[in-house]
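K.L.:
My structure is below; once you've seen it, I'll send some questions.
The values are calculated or read from the model by the stated rules, or taken from the named source; none is laboratory data. Remember, predicted model here, so these are calculated numbers, not experimental data. Every residue, glycine among them, receives a Cβ derived from its backbone with ideal geometry; neighbour counts consider all protein chains shown. Accessible surface areas use protein heavy atoms only, side chains included; no ligands, DNA or RNA. Shrake-Rupley method; radii C 1.70, N 1.55, O 1.52, S 1.80 Å.
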Amino acid sequence: MPTPTFPLARLQMFRAQLHACFFRRADALFELGDALLCAEAVPSLPHLSLEPVHQRGWGSAYAALARGQIDAERLRDLLASHLPPADPLVFAVDVTTWPRCDAECSPERGYYYHPSRHSAGQPIIAGWAWQWIAHVSFDRDSWTAPIDARRLHPLEDTDQTAAAQIHALLKRLPASGAVPLFVFDAGYDSAQLSLDLAEARVAVLVRLRADRCFYADPPPAARSPKGGRPRRHGAKFNCADPATWPTPTATLATTDDQYGSVTVTAWSGLHPKQQRHPGHGTRGPRPIVRGTIIRVQVQRVPARTRPPKVLWLWWSGPGELDLDLDLAWRAYVRRFDLEHTVRFCKQTLGWTMPRPRHPAQADRWTWLVLAAYTQLRLARQLACDQQLPWERPRPQLRLSPYRVRRGFPRLLCALGSPAATPKPAGHSPGRPKGRCSGPAARYPAMKKPRKKPPTTAKAA
């Protein structure tokens, strides 16, 4: 189905297709999402039922999350079909947590890092974690386009899960055009991601620690002084020691009104000593994963609150000649827009506000939040600026997600709702007299083991 060119018609079509993604408790789920967009604040889940757009009772809000069903794959296709036009496509990948420290009856909780909560003096919380993928642009605003969010099991490998999400996303993107770029923070393994995505038409950009070491290829037929097999690693490249840096493969010197003078240097054909591989601990083959090391040095940071630090990046893609240094460093800078989106979803849309017991209920609420944010992005050209007395007026295309949400209730009169009118069915009989549900099962939070590659049996 072709996408309408007019913003109002495009938003109406998105809402109709969104309603089709809910195939159980569809009307209750859809009205819960509309109430999420119209409420001034989201103090609790039943408070959303007090909004005029929510025509059902407060019990339907709980029933929608408890017994509703959402076609997640169809919803992913819908979000991918409404991506903003861009060439090349740049996506940011990151993990965020939903704190559930005291939810002993909630299964599949794990221990995760959290900057403001501490357990025994450590920044650790117990809860659920989601891995988000969002399209980012080079415009100076905080808008992104979330396209996928998958809950991570505490025992799942983050890198392999991200690779599986990217493989699934590539099937939804057009095959023509430039190679899409996926940007990761320093918590991901650059070599593992490059190895898992080696057969895919995709480029990977990962931040590195400033003390990482890499190696060039050894000379042809180079052997160790004591004999034996040829060497696998050549000259050492230490990010913290400029004396080990060879002649750069490519350099870029540019200026930016936010960062001042920017110097980008790249060294291609380097590889790390890979420890996570199927033959770890045996005499099996160890893969050599080659990539490009990028060093970014800026004159100042935008806020000018601290001296700038050197940024080290790992780039891996289908071809070394396809590397654009100006695109690489700017793409990583725009990765932080995803953090603004996650904070907006948590603080304004109330993503972590409910306290569901089962993770499947949290999955349904997460999809409602992503769909609500997408509607705000599509309504960016339609919403009126409802500025407060102390706020400055902004142009239509410069409205923030918070201001668009403030003017969204007026759009619902023109948009309408595909949800059917509720039919009164009387009062619920409630729990039968004399029935006791008994104590709920307890699920302790699981500790994630250290990342160890699968081992193979040694040859006899």
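K.L.:
Please report, in whole Å³, the volume per residue of the convex hull around the C-alpha atoms of segment 86-159. Walk me through the intermediate numbers first.
P.N.:
Working: hull volume 8.9 nm³, N = 74.
Once divided by residue count, the hull of segment 86-159 is 120 Å³.
K.L.:
Label points 7 Å out from Cα along the Cβ direction at Asp241 and Gln299: separation in nm?
P.N.:
3.3 nm
K.L.:
Ratio to report: Rg/Rh of segment 1-112, with Cα atoms as the point set and Rh obtained by the Kirkwood method; give two decimals.
P.N.:
For segment 1-112, the value is 1.02.
K.L.:
Take the Cα of Ala72, step 7 Å along the line toward its Cβ, and report every residue of segment 160-190 whose backbone nitrogen sits under 18 Å from that point.
P.N.:
160-172
K.L.:
With all protein chains present, how much of the accessible area of segment 324-405 (probe radius 1.4 Å) comes from carbon and sulfur, to the nearest whole percent? Intermediate values should be presented prior to the final figure.
P.N.:
On the way: 1790 of 3520 Å².
Of the solvent-accessible surface of segment 324-405, carbon and sulfur hold 51 percent.
K.L.:
Could you point to the label whose value was computed as Cα extents along the principal axes in Å for the structure here, given (i) 88, 58, 47; (ii) 60, 47, 45; (iii) 98, 71, 54?
P.N.:
(i)
K.L.:
For Ser261, what is the net charge nearby, where nearby means another residue's Cβ is under 15 Å from its Cβ and Lys, Arg count +1, Asp, Glu -1? Can you show the working numbers first?
P.N.:
Details: positive: Arg295, Arg300, Arg304, Arg330; negative: Asp256, Asp257, Asp326.
Summing Lys and Arg as +1 and Asp and Glu as -1 gives +1.
K.L.:
Please get the size of the charge dipole for the chain, origin at its Cα centre, with Cβ charges of +1 on Lys and Arg and -1 on Asp and Glu, quoted in debye to the nearest 20.
P.N.:
On the way: 64 positive and 37 negative charges, 301 e Å.
Taking the Cα centre of the chain as origin, the dipole is about 1440 debye.
K.L.:
Just the number, please: carbon plus sulfur as a percent of the accessible area of segment 91-198, 1.4 Å probe, no ligands or DNA/RNA counted. Working shown, then result.
P.N.:
Values: 2080 of 4150 Å².
Roughly 50 percent of what the probe reaches on segment 91-198 is carbon or sulfur.
K.L.:
Still on this structure, I have one more. Explain nothing, just the number: relative contact order of the chain, from Cα pairs under 8 Å at least 6 residues apart, as a whole percent.
P.N.:
Values: 776 pairs, mean separation 94.1, N = 460.
Relative contact order, the chain: 20 percent.
K.L.:
Using every pair of alpha-carbon atoms in segment 84-213, split the distances into 5 Å bins beginning at 0 and state the percent of pairs per bin, rounded to integers.
P.N.:
With 5 Å bins starting at 0, P(r) equals 2, 9, 18, 19, 18, 15, 10, 6, 2, 1, 0.
K.L.:
For the chain, give me the percentage of DSSP beta bridges that are antiparallel, rounded to the nearest 5 percent. Walk me through the numbers before you get to the answer.
P.N.:
Values: 54 of 62 bridges.
So the antiparallel bridges amount to about 85 percent of the total.
K.L.:
Please give the per residue accessible area of the chain, computed with a probe of 1.4 Å over protein heavy atoms only, in Å². List each step's numbers first, then the result.
P.N.:
Details: 24180 Å² over 460 residues.
About 53 Å² of surface per residue is accessible.
K.L.:
At most 16 other C-beta atoms within 10 Å and a DSSP loop state: those are the exposed GluC sites (Glu not before Pro) I care about. Give me the longest piece of the chain that has none.
P.N.:
That gives 200-390 as the longest site-free run.
K.L.:
Using only helices, what value at 222 nm comes out for the chain when you add -39,500 (n - 2.57) per DSSP H run of length 4 or more and divide by the total residues, to the nearest 500 deg cm²/dmol?
P.N.:
Working: 10 runs with 123 residues, N = 460.
Rounded to the nearest 500, it is -8500 deg cm²/dmol.
K.L.:
Would you calculate the separation in nanometres between label points at Cys436 and Ala86, each defined as 7 Å from the Cα along the Cα-to-beta-carbon direction?
P.N.:
5.7 nm
K.L.:
Take the alpha-carbon centre of segment 336-369, take the same for segment 53-68, and report the distance between them in whole Å.
P.N.:
Centre-to-centre distance over Cα atoms comes out at 17 Å.
K.L.:
Spin-label point model (7 Å from Cα, Cβ direction): what's the Lys423 to Trp390 distance in nm?
P.N.:
With each label placed 7 Å out from Cα toward Cβ, I get 5.1 nm.
K.L.:
Contour minus end-to-end for Ala63 and Leu8, with contour as 0.36 nm per residue of separation and end-to-end as the Cα-Cα distance?
P.N.:
Working: separation 55, 0.36 × 55 = 19.80 nm, distance 3.10 nm.
Net length gain for the segment: 16.7 nm.
K.L.:
With the dipole of segment 350-451 worked out from charges on the C-beta (+1 for Lys and Arg, -1 for Asp and Glu) around the Cα centre, which of Leu378, Ala440, His358 lies farthest toward the positive end?
P.N.:
The residue sitting most towards the positive pole is Ala440.
K.L.:
Give me the Kirkwood hydrodynamic radius of segment 344-456, using the inverse of the mean 1/r over all pairs of distinct Cα atoms, in Å to one decimal.
P.N.:
Evaluated over segment 344-456, this radius sits at 19.3 Å.
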